[in-house]
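Colleague: Mind having a look at this structure? Questions to follow.
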Amino acid sequence: MTWAIAAKLVAILVAVAIGWAVGRMRWLGGGPAGSDTDPARVLANAAFYIFVPALLFRTTARLDTATLPWAFLLAFFVPVLLMIAALYLFHRRRAQPGAPVVAPSIKAITAGFGNTLQVGLPVAAGVFGEKGLALHIAVVSLHALAILTMLTAVVELDLARERRGGSLAATLRQTVRNTVIHPVVLPVLAGLAWQATGWPLPAVADEALQTLGTAVVPLCLTLIGMSLAYYGWPRTWRGLAGLVVAKLVLMPAIVLAVGHELLGLRGLPLAVIVMIAALPTGSNALIFAQRYRALEAEVTAATVFSTVLYVATAPVWLALLARLSPW
């Protein structure tokens, strides 16, 4: 772990601490935690309905699918998506009576969605150089699109089942409607439709979308701190520890095993996807929890702790990769 990368991690924690101070001092006013006027929830809604959709649409509309390294991407996304699905099923089977129906999906995204931008980009650039950074960006271009879209569909299906009063066909229609008309999925579909036309984004629209998209990172980081101030630490740490271990240990181990043993990846491509899998929990997990009003404290704590512990786990993964398949 170089000093430059460590400085990036410290900067992230400083931004979180600033958000915590703002929430602790109640500088933004508002109602109690969890209410519609809770400033943390208001900011989360702003991110979910304005800034994240702008970022997703612009990313998808500008995506050059013809040049993407699909075999490399499959080596990352197949094991990651399968693990997220397995975590969802595991937590759903172990769900306690009275627990929120969306809890299994929120736990799955907490253990599966990495911080590919604030932490991942400097790590890729500092450790792997320009070639590694290019591979990292290829994964980033599809990371949020794939994981958020899949879990949105799962959450909406669970919610439709809970509300079900009609036929299976009616449940499926409601699930499809709520999944498509959604602040995450709809901009992705619209961006893909625009990309399929081959038209470039108009300069003014592209500039406006870029301006809105750049607000996602600072807003989400300060939101983590504010949520910590408003919701406090979770009442139990048992489940939290499992989520952090799954994110920092289990996921990179699975990606390493699949990439190295099953797909025969070696060198730089293998190192890049393993280190992406080893990243701490990303702030989009909290946005997801805020959207569905469940487990905000647990997701906030998991994000903070996984970021702190990443300082210790990242060098271990890098050392293992250097011995197993030098890049």
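Colleague: What are the residues in region 140-181 that are at pLDDT 70 or above, over 21 Å from the mean Cα position of the chain (by Cα) and polar (S, T, N, Q), if any?
Modeller: Passing the criteria: none in range.
Colleague: Given the residues ALA44, ALA61, which is the only one that is more than 22 Å from ALA277 (Cα to Cα), buried (at least 22 other Cβ atoms within 10 Å of the Cβ) and in contact with a Phe, Trp or Tyr (Cβ under 9 Å, 6 or more places away or on another chain)?
Modeller: Result of the check over ALA44, ALA61: ALA61.
Colleague: Considering each of ALA253, ALA278, ALA289 in turn, give the residue that is in contact with an Asp or Glu (Cβ under 7 Å, 6 or more places away or on another chain) and hydrophobic (A, V, I, L, M, F, W, C).
Modeller: So the residue among ALA253, ALA278, ALA289 that is in contact with an Asp or Glu (Cβ under 7 Å, 6 or more places away or on another chain) and hydrophobic (A, V, I, L, M, F, W, C) is ALA289.
Colleague: Output the residues belonging to region 302-327 that are under 18 Å from ALA241 (Cα atoms) and either assigned to a loop (DSSP other than H, G, I, E, B) or not hydrophobic (A, V, I, L, M, F, W, C) (or both).
Modeller: THR303, SER306, THR307, TYR310, THR313
Colleague: List pairs: first residue in region 95-110 and at negative phi, second residue among the basic types (Lys, Arg) and assigned to a helix (DSSP H, G or I) anywhere in the structure, Cβ distance under 7 angstrom, at least six positions apart or on different chains.
Modeller: What qualifies is PRO104/ARG92.
Colleague: With the checklist (1) modelled with pLDDT of 90 or more; (2) of a type outside the set (A, V, I, L, M); (3) more than 30 Å from ARG266 (Cα to Cα); (4) within 16 Å of the chain's Cα centre (by Cα) in hand, flag the one item PHE48 doesn't pass.
Modeller: (1)
Colleague: Next question, about the same structure. Going by the structure shown, is VAL274 more than 26 Å from VAL155 (Cβ to Cβ), buried (at least 24 other Cβ atoms within 10 Å of the Cβ) and over 15 Å from the mean Cα position of the chain (by Cα)?
Modeller: The answer is yes for VAL274.
Colleague: Could you grab me the full set of residues in region 51-77 that are farther than 14 Å from THR149 by Cα, part of a helix (DSSP H, G or I) and either small (Gly, Ala, Ser) or over 16 Å from the mean Cα position of the chain (by Cα) (or both)?
Modeller: Passing the criteria: ALA54, ARG58, ALA61, THR65, ALA66, THR67, TRP70, ALA71, PHE72, LEU73, LEU74, ALA75.
Colleague: In region 101-122, which residue that is closer than 12 Å to ILE276 by Cβ and part of a loop (DSSP other than H, G, I, E, B) is modelled with the lowest pLDDT?
Modeller: So the residue we want is LEU117.
The values are calculated or read from the model by the stated rules, or taken from the named source; none is laboratory data. Just so you know, these numbers come straight off a predicted model, no measurement behind them. Cβ coordinates were reconstructed from backbone atoms using ideal geometry, including for glycine residues, and neighbour counts include every protein chain displayed.
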